[in-house]
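In what follows, a structure is listed as structure tokens, so that the remarks can point back to it.
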Amino acid sequence: QRLSTTHLHFERWAQEPQPRDLNLKLRALTLDVAVGHIFGQQLEAGEAEEMAEKLARASDLAQQRVLGTTDRSQFDLDSVAARLLQGRRPGEPRHDALQALLDSPLGGQPEQLRQEVVTLALLAHETTANLLSWAVAELVQHSQPLDQLRSEYAQEIGQQLPTQDHIQGLESARKALRETTRLHAPNYLLSREVIQEVEVGGRRLQPGTQVLMSLQDVNKAPEQHPEAEVWNPDRKDARMYSFGAGQRVCLGQVLARYESQLILSELFQRFDLTAVGTDTLRPHSGFSTRPANSTYRLTLRG
């Protein structure tokens, strides 16, 4: 399902006016993939983009509310939740994440269920799309890694329909995404709660204290990453925490990595990309971070 969804989106992109906001297109694509895998729903053409825009607006408003930079204005995502829950009920013989929620105690708590569904939809697509947007921005400016990525795809997959085994062989895409995750962590802050008294940087932190960790700083620590500000997909032994760690590691990271390798490789196999304007490597930050400008002209490759 993931493979056919990617193919359908690229077919539509090839017929649309140029240039386009690639981040929005990638958010629609990754949301469509997530909706299929997690919720067992098939979105119509254009529906994923409309839903992605609603979720993006809600995310921006939520951030402004947390930071105290907006009033208590409401954002309504009931229509998104209703669409994702459409036709689904407890007790069905399905094996996706939504069925697990429906068959849990949440299935009898409609409001909590709607909140959980919307949260899953947002978390399952936004950071993946932002990671892909950063990877595109870097590859457009680095011809050698881009040539390697294209050559590897042609050798490993060519005209075949990609399988999971094929995706595992896309080493150039994996390295490009790993280095992009280090340098441009889509989730650039991690929040943790102190559970026992500890000293950090000369300060005593008491249990219950909320701590924010900047992944942008951790992933660029010069003692671990020489030339930390340089995007280098051949970097060896890069340590990073962009997907969290330990008990709080991101549960969706495996899907996100496979999905990203395939989308990134197929995108550059299908299209030549030309950035329109500047700021493709300057961050725009909300709860996650993406390039300030993701406007590209996409040209079908011969």
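The values are calculated or read from the model by the stated rules, or taken from the named source; none is laboratory data. Because the structure is predicted, anything quoted here is derived from the model rather than measured. Cβ coordinates were reconstructed from backbone atoms using ideal geometry, including for glycine residues, and neighbour counts include every protein chain displayed. Ligands, DNA and RNA are stripped out before the accessible areas are found, and what is left, the full protein with its side chains, is counted by its heavy atoms. Shrake-Rupley method; radii C 1.70, N 1.55, O 1.52, S 1.80 Å.
Remark: pairs (first residue in region 211-232, open to solvent by 80 Å² or more (accessible area, probe 1.4 Å); second residue of a type in the set (S, T, N, Q); Cβ separation under 9 Å; 6+ apart in sequence or on different chains) = LEU212/SER191. Close contacts from region 123-151, counting a first residue that is under 16 Å from LEU55 (Cβ atoms) and a second that is part of a loop (DSSP other than H, G, I, E, B) and open to solvent by 30 Å² or more (accessible area, probe 1.4 Å), with Cβ to Cβ under 7 Å and a gap of 6+ residues or different chains, come to ALA124/GLY252; THR127/ASN187.
The set of residues in region 74-112 that are among the polar types (S, T, N, Q) and at pLDDT below 85 contains only GLN74.
For ARG178, the conditions (1) touching a Pro at 6+ places or on another chain (Cβ under 8 Å); (2) over 25 Å from VAL254 (Cα atoms); (3) not acidic (Asp, Glu) all hold with the exception of (2).
Here is a check on your reading of the model: is ASP71 modelled with pLDDT under 90, farther than 25 Å from PRO283 by Cβ and surrounded by fewer than 19 Cβ atoms within 10 Å (Cβ to Cβ)? Yes; evaluated as a whole, the condition is true for this residue. Under the condition of being of a type in the set (Ser, Thr, Tyr) and in a loop (DSSP other than H, G, I, E, B), which residue from region 262-302 is most open to solvent (accessible area, probe 1.4 Å)? Filtering first and then ranking leaves THR278.
Scanning region 140-157 for residues that are hydroxyl-bearing (Ser, Thr, Tyr) and either buried (at least 17 other Cβ atoms within 10 Å of the Cβ) or within 12 Å of GLU266 (Cα to Cα) (or both) turns up SER151, TYR153.
Going by the conditions given, is ARG192 touching a strand residue (DSSP E or B) at 6+ places or on another chain (Cβ under 9 Å), under 25 Å from GLN224 (Cβ atoms) and among the basic types (Lys, Arg)? It is true that ARG192 is touching a strand residue (DSSP E or B) at 6+ places or on another chain (Cβ under 9 Å), under 25 Å from GLN224 (Cβ atoms) and among the basic types (Lys, Arg).
Just one residue in the set GLN42, GLN18 is open to solvent by 50 Å² or more (accessible area, probe 1.4 Å), at pLDDT below 95, of a type outside the set (Asp, Glu) and in contact with a helix residue (DSSP H, G or I) (Cβ under 8 Å, 6 or more places away or on another chain); that residue is GLN42. Taking the criterion of being under 17 Å from ARG290 (Cβ atoms) and either free of Cβ contacts under 8 Å to residues at least 60 places away in the same chain or under 14 Å from the mean Cα position of the chain (by Cα) (or both), the residues of region 1-33 that qualify are LEU22, ASN23, LEU24, LYS25, LEU26, ARG27, ALA28, LEU29, THR30, LEU31. Just a yes or no: is a residue in region 117-137 open to solvent by 10 Å² or more (accessible area, probe 1.4 Å), part of a strand (DSSP E or B) and farther than 25 Å from ASN293 by Cβ? No; the residues of region 117-137 include none that is open to solvent by 10 Å² or more (accessible area, probe 1.4 Å), part of a strand (DSSP E or B) and farther than 25 Å from ASN293 by Cβ.
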